[in-house]
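> Shown below is the structure under consideration.
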Amino acid sequence: MSGAGGAAGLGPVVGEERLLIDGELRPARSGRTFETVNPATGEVLGVAADGAAEDLDDAIGAARRAFDTTAWSTDTALRVTGLRQLHAALLARSDELRAMTVAEVGAPLGMTHHAQLDSPVASLAWVADLLEGYVFETDLGEAAPLGIASHRWIRREATGVVGAVTPWNVPHQINLAKLGPALAAGNTVVLKPAPDTPWCATVLGRIIAEETDIPAGVVNVVPSSDHAVGALLSTDPRVDMVSFTGSTATGRKVMAAAAETIKKVFLELGGKSAFVVLDDADLATACATAAFTVCTHAGQGCAITTRLLVPRSRFDEAVEATAGVMAALPAGDPTDPGTICGPLISARQRDRVEGYLRLALDEGGSFVLGGGRPEGMDAGFFIEPTLVVGLPNTSRVAQEEIFGPVLTVIPHDGDDDAVALANQSVYGLSGSVWGERDRAIAVANRIRTGTLGINGGLWFSPDVPFGGYGQSGVGRESGVAGFEEYLEIKSLAEPA
Ligand code: NAD
């Protein structure tokens, strides 16, 4: 274990340095470690074992052996027990995990009561319930193909060894949205978290090893400072499936690398989602919601709406309303329960966002609000909530994923134009539509994205499938559909 002082009101930050491989918590074979940093302060929290190719090789070997030689994939009761034990252990450690999550992710404390911790933990109970009632075999009755009377049925089976590669922005959510269904379906897993948030994964590894009966080798956790280590999961022939969440650029590489061994590939990628306000919408409420959304976790969410499409006739009114709310949500200390906009994850990510702020000006845009670093907050990696106007939907700032608290307001000329602008994107992850109900639903039905909220409705829940159209991904996470991503279908027949 590794620890650091806790913030006021939060307990001490307890991390975990070790990898989990074949049931053993251990250092990297090289003995090397790398630092994990608090993005709100720039302070080093501690270190994690720096997994290398040889450690990943051990982990894949362990996962393969556990899948091929233990009852894990066929013993549903053992899996239900393991998932319930993990759920209970994480619940019992909520306070400790909350402090660690705020410190390592820079997640505003309020968010840990939802997407950053409590909701993902609750999703384990949901998936255990699903598993208890899930019917793995379906009888298809009799038929006589080629004149041979046959009784046919379908059996759903685990896919095998799953390589799970995750990003840093909502690590518990994404680690558990992969682990929960993958384990429930009977797979074994090698989890490779992002280098920025190793502890969110290694702590999970320790809890699995010490507080559950999940057998050795079923879950392996290998953080690394080197992205190339995760890439090995896409090429190793012992891995059956790669479940990846991250940027579209990396997803493209994963898909290409996995082609060599024809792996099943599940991808949750980037987004540039539209927030569409129709001319009969409650503009003040809509704009307040758009402002709040983009400030949340400093805009570091793939499904966050970052293009605000408003009626041309109400453009000035919409800009004023949005700016007013964003101004009231400044970047702040994530340990403060009132903070919505915390830090960016790293100096590298802040540089990237600042590059887009310069680009916004170069492309002819201007800032109604923000546009740089907040004064007096130089220790952490903060950016002011920023509202951009004067750019067309085709500009790079309006088309590329920034992953910062940056909202671009673009005018539209009616419902058809709004739909066209929303769909003018390589992405298709999420969105929001505001207006009279039937009209808003008609617009939502024409937008090519995997999730949409109507007039503030929220789809985020363990039973709701989440995923992208276009270059936002392949497949669905969560819900029954998300669970079934981790299953193969076997068709069987016998003489009738
Ligand atoms: P990233 O693509 O840089 O890295 C994601 C993970 O992939 C990390 O663990 C990284 O080490 C690993 N990786 C890097 N190169 C790899 C390779 N060649 N092969 C295999 N693994 C590799 O993304 P990030 O910066 O960590 O996270 C931000 C991105 O994630 C954003 O684009 C965001 O939209 C996306 N994201 C998507 C979802 C979703 O569900 N659609 C959710 C959260 C984040």
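> Out of the DSSP beta bridges found with both residues in the chain, what percent are antiparallel (nearest 5)?
Values: 33 of 69 bridges.
Percent antiparallel among DSSP bridges in the chain is about 50.
> Next question. Explain nothing, just the number: dipole magnitude of the chain about its Cα centre with +1 on each Lys and Arg Cβ and -1 on each Asp and Glu Cβ, in debye rounded to the nearest 20.
Roughly 680 debye for the chain.
> Assuming a strict under-26 Å limit between Cα atoms, what lysine pair count do you get for the chain once near-sequence pairs (fewer than 8 apart, same chain) are dropped?
Number of lysine pairs found: 16.
> Could you please state how large a percent of the accessible area of the chain is carbon and sulfur, counting protein chains only and using a 1.4 Å probe? Present the calculation step by step, with values, prior to reporting the outcome.
Details: 10070 of 18520 Å².
Whole-percent figure for carbon plus sulfur exposure: 54.
> Sticking with this one: Starting from one equal scatterer on each C-alpha and no solvent at all, send me the Debye-based log10 I(q)/I(0) for segment 229-279 at q = 0.23, 0.26 Å⁻¹, two decimals.
With no solvent term, the Cα-only Debye profile gives -0.77, -0.94.
> Restricting things to alpha carbons, tell me how big segment 110-171 is in terms of Rg and Dmax, in Å.
In order Rg, Dmax, the Cα atoms of segment 110-171 give 20.1, 64 Å.
> Moving on to the next point. Gap in Å between the Cα centre of segment 293-349 and the Cα centre of segment 113-189?
So the separation of the two Cα centres works out to 35 Å.
> So if I place +1 on the C-beta of Lys and Arg and -1 on the C-beta of Asp and Glu, and nothing else carries charge, what would the dipole magnitude of segment 333-489 be about its Cα centre? I want it in debye, nearest 20. Don't skip to the answer; put the middle values down first.
Numbers: 11 positive and 22 negative charges, 31 e Å.
Charge dipole, segment 333-489, about its Cα centre: 140 debye, nearest 20.
> Which of rounded, prolate or oblate describes segment 379-479 when judged by the alpha-carbon gyration tensor and an a/c cut-off of 1.5?
Values: a/c = 1.59, a/b = 1.13, b/c = 1.41.
The shape class here is oblate.
> Of Thr235, Gly106, Ala284, which is farthest towards the positive pole of the chain's charge dipole, taken about the Cα centre with +1 and -1 on the beta-carbons of Lys, Arg and Asp, Glu respectively?
Result: Thr235, furthest along the dipole toward the positive end.
> Taking a quarter of the surface of the Cα convex hull of the chain, what do you get in nm²?
Values: hull surface 97.1 nm².
Average projection, Cα convex hull of the chain: 24.3 nm².
> Short version: ³J(HN,Hα) in whole Hz for each residue of segment 476-488, in order, from phi by Karplus 6.51 cos²θ - 1.76 cosθ + 1.60 (θ = phi - 60°), x for Gly and Pro, what are they?
Whole-Hz 3J(HN,Hα) from phi for segment 476-488: 10, 9, 6, x, 4, 4, x, 5, 6, 4, 8, 10, 9.
> Which three extents, in whole angstrom, do the alpha-carbon atoms of segment 153-285 cover along their principal axes, largest first?
For segment 153-285, the Cα spread along each principal axis is 57, 43, 37 Å.
> For helix 315-327, what angle does its Cα long axis make with the longest principal axis of the chain, in degrees from 0 to 90 and rounded to 10?
Tilt of helix 315-327: around 70 degrees.
> About the Cα centre of segment 91-181, how large is the charge dipole given +1 on each Lys and Arg Cβ and -1 on each Asp and Glu Cβ? Please answer in debye to the nearest 20.
Values: 6 positive and 10 negative charges, 45 e Å.
It comes to approximately 220 debye.
> For a quick check: with amide H placed at 1.01 Å from N, whose amide H comes under 5 Å from Arg32's, ignoring anything fewer than 5 positions away on the same chain?
Here the answer is Asp50, since their amide H atoms fall under 5 Å of that of Arg32.
> Got a sec to turn the phi values of segment 358-368 into Karplus ³J(HN,Hα) couplings, 6.51 cos²θ - 1.76 cosθ + 1.60 with θ = phi - 60°, whole Hz, x for Gly and Pro?
Each residue of segment 358-368 in turn: 5, 4, 4, 6, 4, 7, x, x, 9, 9, 7 Hz.
> Here's a follow-up. Sequence-distant or interchain residues sharing an amide H contact under 5 Å with Gly414, placed H: which?
HN-HN under 5 Å from Gly414: Arg312.
> Still on this structure: What FRET efficiency comes out for Leu140 versus Arg314 if R0 is 45 angstrom and r is the Cβ-Cβ distance? Round to the nearest 0.05. Don't skip to the end; give the middle numbers.
On the way: r = 56 Å, r/R0 = 1.24.
In this case the efficiency is close to 0.20.
> By residue number, which cysteines of the chain lack any other Cys whose Cβ falls under 4.7 Å from their Cβ?
Within the chain, the cysteines lacking a partner Cβ under 4.7 Å are Cys200, Cys287, Cys302.
> Nearest 0.05, what FRET efficiency do Ala216 and Arg29 give at R0 = 22 Å with Cβ-Cβ as r?
On the way: r = 18 Å, r/R0 = 0.81.
According to the calculation, E is roughly 0.80.
> Using 7 Å Cα-to-Cβ label points, what is the Ser94/Leu359 separation (nm, one decimal)?
Taking the simple label geometry, Ser94 and Leu359 are separated by 4.0 nm.
> Return a whole-number percent for the relative contact order of segment 185-314, with Cα pairs under 8 Å and 6 or more residues apart as the contact set. Kindly include the intermediate steps, with their values, before the conclusion.
Details: 152 pairs, mean separation 24.3, N = 130.
Once divided by the residue count of segment 185-314, the mean separation gives 19 percent.
> Shifting gears a bit: Please compute the modelled spin-label separation between Lys253 and Glu436, points set 7 Å along Cα→Cβ, answer in nm with one decimal.
It is 5.1 nm.
> Once the mean 1/r over all distinct Cα pairs of segment 1-145 is inverted, what Kirkwood radius in angstroms do you read off?
On the way: mean 1/r = 0.0549 Å⁻¹.
When all Cα pairs of segment 1-145 are included, the Kirkwood radius is 18.2 Å.
> Another question, if that's okay. So, for the chain, what is the accessible surface per residue at a probe of 1.4 Å, expressed in square angstrom?
Details: 18520 Å² over 496 residues.
Averaged over the residues of the chain, the accessible area is 37 Å².
> I've got another one for you. Taking only DSSP H segments of four or more residues, each worth -39500 (n - 2.57), what value at 222 nm results for the chain once the sum is divided by all its residues, to the nearest 500 deg cm²/dmol? Before the final figure, lay out each step's value.
On the way: 16 runs with 185 residues, N = 496.
Theoretical 222 nm ellipticity from helices: -11500 deg cm²/dmol.
The values are calculated or read from the model by the stated rules, or taken from the named source; none is laboratory data. Just so we're clear, the structure is a prediction, and the values are computed from it rather than from any experiment. Every residue, glycine among them, receives a Cβ derived from its backbone with ideal geometry; neighbour counts consider all protein chains shown. These area figures cover heavy atoms from the full protein model, side chains too; ligands, DNA and RNA do not enter into them. Shrake-Rupley method; radii C 1.70, N 1.55, O 1.52, S 1.80 Å.
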